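Peer 1: Structure provided below as structure tokens; questions to follow.
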Amino acid sequence: EEPDISVIGYATTQEQARQKAPQADVVLLDTGWSDSETLELTQWIARSQPKTHILITGIEKHAPEKILMYVEAGADGYVPKEVSVGDLLENIRAVREEKALFPPEMVAKLIARVNELADMCADQEQIANAIRGLTPRERDVLDLVTDGLSNQEIGDKLHIEVGTVKNHVHKILHKLDVSSRDEAAEIYMRAQAAKSDDI
């Protein structure tokens, strides 16, 4: 027994884990369940119990991509499957003190992934801002451009002249900083896929 560490319980099912997680400072989560189940539980703990730290174990050292999945789900650290009891206790203490725990070979991958996600977020925000800058009529036109309609078909559907449609399309391309209808449609579909509430 350790004076600063006490085990409050074990869980063999997801339901048991969800019941006990709120009582814990650190959850030691073994990946013995399927990845989908364990990832779902990791996400649930990270989202509903933000003060509870999640330490993942049970993954082989040579599976950095799998470790990365758990990091993205909300895990605070990882200890190898073959770690000693002494090292495990030290890792629990470290993650409790909010020190992230990952093997050296993971650091470069984590940094690269963080940068990639940051770029994606920046791109999505830029796209969302551009689309928010469209007028309601320009949005109507862009919807129909995305559906593959021609200028004539858009004009007929919106009861406006073809020349007016062309003017709207020109303004849309300028605001979205693209040079073709296809690019505008692709950007709009990406924004819809991101499901931003502000779009």
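The values are calculated or read from the model by the stated rules, or taken from the named source; none is laboratory data. As the structure is a computational prediction, the values presented were derived from the model and not from experiment. Note that we place each Cβ from the backbone using ideal geometry, even for glycine, and neighbour counts take in every protein chain shown.
Peer 1: Within segment 94-110, take every residue that is at pLDDT 70 or above and surrounded by fewer than 14 Cβ atoms within 10 Å (Cβ to Cβ) and give me the one that is farthest from the chain's Cα centre (by Cα).
Peer 2: Only one residue tops the list, namely E97.
Peer 1: Which members of segment 65-81 meet the condition of being over 18 Å from the mean Cα position of the chain (by Cα) and either surrounded by fewer than 19 Cβ atoms within 10 Å (Cβ to Cβ) or under 19 Å from E15 (Cβ atoms) (or both)?
Peer 2: Here is the first cut: in segment 65-81, the residues over 18 Å from the mean Cα position of the chain (by Cα) are 78-81.
Of everything in segment 65-81, those that are over 18 Å from the mean Cα position of the chain (by Cα) and either surrounded by fewer than 19 Cβ atoms within 10 Å (Cβ to Cβ) or under 19 Å from E15 (Cβ atoms) (or both) turn out to be P80, K81.
Peer 1: Next up: For segment 25-34, name all the residues that are touching a helix residue (DSSP H, G or I) at 6+ places or on another chain (Cβ under 7 Å) and at pLDDT below 85.
Peer 2: Hit for segment 25-34 is T31, nothing else.
Peer 1: Restricting to segment 172-181, name every residue that is under 27 Å from the mean Cα position of the chain (by Cα) and assigned to a helix (DSSP H, G or I).
Peer 2: Pass one, segment 172-181, residues under 27 Å from the mean Cα position of the chain (by Cα): 176-178.
Passing the criteria: only L176.
Peer 1: Then there is this: Across segment 136-152, what is the total count of residues that are of a type in the set (S, T, N, Q), closer than 20 Å to D177 by Cβ and modelled with pLDDT of 95 or more?
Peer 2: Filtering segment 136-152 for residues of a type in the set (S, T, N, Q) gives 146, 150-152.
Among the residues that remain, those that are also closer than 20 Å to D177 by Cβ are: 146.
Then drop every residue that is not modelled with pLDDT of 95 or more, which leaves none.
The total comes to 0.
Peer 1: Further question on the same structure: Kindly evaluate S84 against the criterion of being over 18 Å from T13 (Cα atoms) and out of contact with any Lys or Arg (no Cβ under 7 Å at 6 or more places or on another chain). I'd like the intermediate steps shown before the answer.
Peer 2: Details: over 18 Å from T13 (Cα atoms): yes; out of contact with any Lys or Arg (no Cβ under 7 Å at 6 or more places or on another chain): yes.
Considered against the rule, which asks whether it is over 18 Å from T13 (Cα atoms) and out of contact with any Lys or Arg (no Cβ under 7 Å at 6 or more places or on another chain), S84 comes out as yes.
Peer 1: For S36, work out the one condition from (1) in a loop (DSSP other than H, G, I, E, B); (2) free of Cβ contacts under 8 Å to residues at least 24 places away in the same chain it doesn't fulfil.
Peer 2: S36 satisfies all of (1) in a loop (DSSP other than H, G, I, E, B); (2) free of Cβ contacts under 8 Å to residues at least 24 places away in the same chain except (1).
Peer 1: If you don't mind, another one. Kindly establish whether E183 is surrounded by fewer than 16 Cβ atoms within 10 Å (Cβ to Cβ), modelled with pLDDT of 85 or more and under 30 Å from E72 (Cβ atoms).
Peer 2: Details: surrounded by fewer than 16 Cβ atoms within 10 Å (Cβ to Cβ): yes; modelled with pLDDT of 85 or more: yes; under 30 Å from E72 (Cβ atoms): yes.
When the stated conditions are applied, E183 passes them.
Peer 1: Can G155 be described as surrounded by fewer than 16 Cβ atoms within 10 Å (Cβ to Cβ) and modelled with pLDDT of 80 or more?
Peer 2: Taking the combined requirement at face value, the residue does not satisfy it.
Peer 1: Which members of segment 20-33 meet the condition of being of a type outside the set (A, V, I, L, M) and either surrounded by 14 or more Cβ atoms within 10 Å (Cβ to Cβ) or outside any strand (DSSP E or B) (or both)? Walk me through how you get there before you give the answer.
Peer 2: First, pick out the residues of segment 20-33 that are of a type outside the set (A, V, I, L, M): 20, 22-23, 25, 30-33.
Those that are of a type outside the set (A, V, I, L, M) and either surrounded by 14 or more Cβ atoms within 10 Å (Cβ to Cβ) or outside any strand (DSSP E or B) (or both): K20, P22, Q23, D25, T31, G32, W33.
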